[in-house]
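Only the coordinates and a few stated rules stand behind these numbers; no lab work does. All of these numbers come straight from a predicted model, not from anything done at the bench. Neighbour counts are summed over all protein chains in view; Cβ atoms, including those assigned to glycine, are modelled from backbone coordinates with ideal geometry.
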Amino acid sequence: MSDKELISSNQMIVSVEELKEKGLSLYKINQLVEQGFLRKLNKKFYENINFQGDESDFYYAYAYVPFGVICLMSAAVFYNLTTYRPEGIDVAIQRKARVSTLPDWPEIQLYYYTDDRYELGIETIEDGRNRFHIYNVEKTVVDIVFYREKIGIEETKEILINYLKRNNRNLNQLIRYADQMKCGDIMRHYLEVLV
């Protein structure tokens, strides 16, 4: 089996650790980069140029900010809650966290969350060996309402209306999250107006 065959064509982002586990040395990894099979993203991750699956910019976010969580408008787009398309990927990180390198593309916009806001409602989406972290739909809606001044009132309204149309919505969890994030009264007001 050749070195390039060790890298699965259904994995878009590959870590240095994964490559080493497959028996590749740094020298061999650099050869694969020179031959055009891998593209170095940063010190820890490479992009598989021969990737055959469904691409997602969120996989890049995971490579550059592995502890980051897709949030706000990017998460709303993922859940089909809005027609608005953000220019970059919204990623939440903890206030004290540091990110050394961000790509020119896709643009990643960092949001620094307090620990309690950051930790609430994280899910991991996996497609084969590809993965990223994202807030669940209720936490996404709560964050949108909390940051409604930055997001925009019309966008916030659209997201709430689309959320309320969902068959699998969980209003109890939505209110519980809103209370935990100190925007329960505002959320109840919006729900009274829209329901």
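Too long at a 25 Å Cα-Cα cut-off: which of K43/K96; K96/K139; K20/K96?
Going by Cα-Cα distance, K20/K96 fall outside the 25 Å limit.
Any idea what angle helix 184-194 forms with the longest principal axis of the chain, computed on alpha-carbon atoms, 0 to 90 degrees, nearest 10?
70
List the pairs from K40/K150; K22/K44; K150/K182 whose alpha-carbon separation is above 27 Å, in the order I gave them.
The answer is K40/K150.
Hey, got the Cα dimensions of the chain along the principal axes, in Å, largest first?
62, 34, 26
Tell me which trypsin sites (Lys or Arg not before Pro) from the range 57-150 have a DSSP coil assignment and no more than 12 other beta carbons within 10 Å of their own.
Numbers: sites: R95, K96, R98, R117, R129, R131, K139, R148, K150; in loops: R95, K96, R98, R129.
In loop regions of the range 57-150 (DSSP not H, G, I, E or B), the sparsely surrounded trypsin sites (Lys or Arg not before Pro) are R95, K96, R98.
Could you pull out the longest piece of the chain with no exposed loop GluC sites (Glu not before Pro) in it, calling a site exposed if DSSP puts it outside H, G, I, E, B and it has at most 16 other Cβ atoms within 10 Å? Show your work: numbers first, answer last.
On the way: sites that count: E55, E87, E107.
Excluding the exposed sites themselves, the longest stretch runs over 108-195.
Where is the GNM fluctuation largest for the chain (alpha-carbon springs, 10 angstrom cutoff): M73, M12, M181?
M181
List every residue whose amide H lies under 5 Å from the amide H of L38, counting only residues 5 or more places away in sequence or on a different chain, with H placed 1.01 Å from N in the peptide plane.
Here V33, I49 satisfy the definition.
Could you give the C-alpha radius of gyration of the range 39-115 expressed as a fraction of 2.2 N^0.38 Å, taking N as the number of residues it contains? Intermediate values should be presented prior to the final figure.
Working: Rg = 13.0 Å, N = 77, 2.2 N^0.38 = 11.5 Å.
Its radius of gyration relative to the 2.2 N^0.38 Å reference: 1.13.
Over the C-alpha atoms of the range 8-48, what are the Rg and the largest Cα-to-Cα span, Dmax, in Å?
9.0, 24
Extension gain N80-N50, at 0.36 nm per residue separation less the Cα-Cα distance, in nm?
On the way: separation 30, 0.36 × 30 = 10.80 nm, distance 2.90 nm.
Result for the pair: 7.9 nm of gain on full extension.
How far is the Cα center of the range 123-195 from the Cα center of the range 12-71, in Å?
If we compute the Cα centre of each part, the gap is 32 Å.
Could you list the chymotrypsin sites (Phe, Trp or Tyr not before Pro) in the range 51-136 that lie in coil according to DSSP, counting only those with at most 16 other Cβ atoms within 10 Å of their Cβ? Please list the in-between numbers first.
On the way: sites: F51, F58, Y59, Y60, Y62, Y64, F67, F78, Y79, Y84, Y111, Y112, Y113, Y118, F132, Y135; in loops: F51, F67, Y79, Y84.
Counting only loop positions with at most 16 other Cβ atoms within 10 Å, the chymotrypsin sites (Phe, Trp or Tyr not before Pro) in the range 51-136 are F67, Y84.
Out of residues 5 or more away from Q109 or on other chains, whose amide H comes under 5 Å of its own, with H placed 1.01 Å from N in the peptide plane?
Close amide H contacts, sequence-distant or interchain: I89, D90, V91.
On a 0 to 90 degree scale, rounded to 10, what angle separates helix 137-146 from the longest Cα axis of the chain?
The two axes meet at around 60 degrees.
Could I have the simple spin-label model distance between I186 and R131, label points 7 Å from Cα toward Cβ, reported in nm to one decimal?
Each label point is offset 7 Å from its Cα along the Cβ direction, giving 3.3 nm.
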